[in-house]
1. Using the Cα gyration tensor of region 135-217, with a ≥ b ≥ c the square roots of its eigenvalues, what is the shape: rounded (a/c below 1.5), prolate (a/b larger than b/c) or oblate (neither)?
2. Just to verify a number: what accessible area does Y293 come out at with the full protein assembly present, 1.4 Å probe, Å² rounded to tens?
3. Please work out how much accessible surface H300 shows to a 1.4 Å probe, ignoring ligands, DNA and RNA, in Å² rounded to 10.
4. How many Å² of accessible area per residue for region 201-244, probe 1.4 Å?
5. Taking all protein chains in place and a 1.4 Å probe, what share, in percent, of the accessible surface of region 201-246 do carbon and sulfur account for?
6. Given a 1.4 angstrom probe, what's the average accessible area per residue across region 109-159, in square angstrom?
7. Which order do C49, C272 take by accessible area at a 1.4 Å probe, largest first?
8. Shape of region 146-302 from its Cα gyration tensor (a ≥ b ≥ c, root eigenvalues): rounded if a/c is under 1.5, otherwise prolate when a/b > b/c, or oblate?
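The values are calculated or read from the model by the stated rules, or taken from the named source; none is laboratory data. On a predicted model such as this, the values are computed, not experimentally measured, just so you know. Accessible surface is based on the protein model in full, side chains and every heavy atom, while ligands, DNA and RNA are left aside. Shrake-Rupley method; radii C 1.70, N 1.55, O 1.52, S 1.80 Å.
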Amino acid sequence: MTNDVKESFSDAAPPAPAALAAKVRTLAPSMTRSMQRVAEAVAGDPAGCAALTVTGLAELTGTSEATVVRTARLLGYPGYRDLRLALAGLAAQQQSGRAPAVTADIAVDDPIADVVAKLAYDEQQTLADTAAALDTVQLGAAVGALAGARRIDVYGVGASSLVGQDLAQKLLRIGLIAHAHTDPHLAVTNAVQLRSGDAAVAITHSGSTGDAIEPLRVAFDHGATTIAITGRPDGPISQYADHILTTSTARESELRPAAMSSRTSQLLVVDCLFIGIAQRTYETAAPALAASYEALAHRHSPRTR
């Protein structure tokens, strides 16, 4: 990741109280075990932890004061004082009479009506988590890069490839030159052709998918602006990303694989990119979108015999 990106992360405002639980879910897998204990404690009992000093929280979690401070900073707060203020705000929100969250774990013998309700709840939570954790500074920078790009390559495999195809077809509809590459060999050979003024987007929930990392690395080395959409902002892909857009960490179960939750959060990020780009390029995007609608209109009309 470039120095400019690192600076933009440090300049970002601390997360709102409602974003705390989402940040914990997203970042916990990459934390040390001691930092995880701190993060789980503050997310599980914000009111209780808000009343503790840094020493008290360290004692509660069996860690050190330095670990508590490092955890607060990793979650996006300048220091422990700022984290305590967020915890107090979150506790106030939780005590405002909101209904308790329902579990979204799906059992093999659940009635289909329960499956619908649980999936709907989990999708809503995934979207809320992604929106809360999404860095709008990074999003704005990515929108600017894509809006002005001469050519855009999109990389992804598996479920992420479907999201990549969705992004590419959206951008094509508003007049941008965008292509989604699902074949890893073709992705790399296309990335070789990118230069300064071009852009590349890699989509990988794990942040460590080699077939997404390799073409992004090639694009990065050839001077293109690179963007990663990932659930692991500290994963290997971050080495080659000028801008990182973080998605919600999937809550898996036996009947709900990670690809379902990650797809939902990735599609939200793609939609945010698309709308942002359409806003910035409205004078050209609106006519291009109208032309694409017109070109396809006859396919939606009733056929005459």
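1. rounded
2. Approximately 140 Å² for this residue.
3. Rounded to the nearest 10, the figure is 150 Å².
4. It amounts to 29 Å² per residue over region 201-244.
5. Using a 1.4 Å probe with all protein chains present, region 201-246 comes out at 45 percent carbon and sulfur.
6. 42
7. From most exposed to least exposed: C272, C49.
8. Judged from the Cα gyration tensor, region 146-302 comes out oblate (a/c at least 1.5, b/c at or above a/b).
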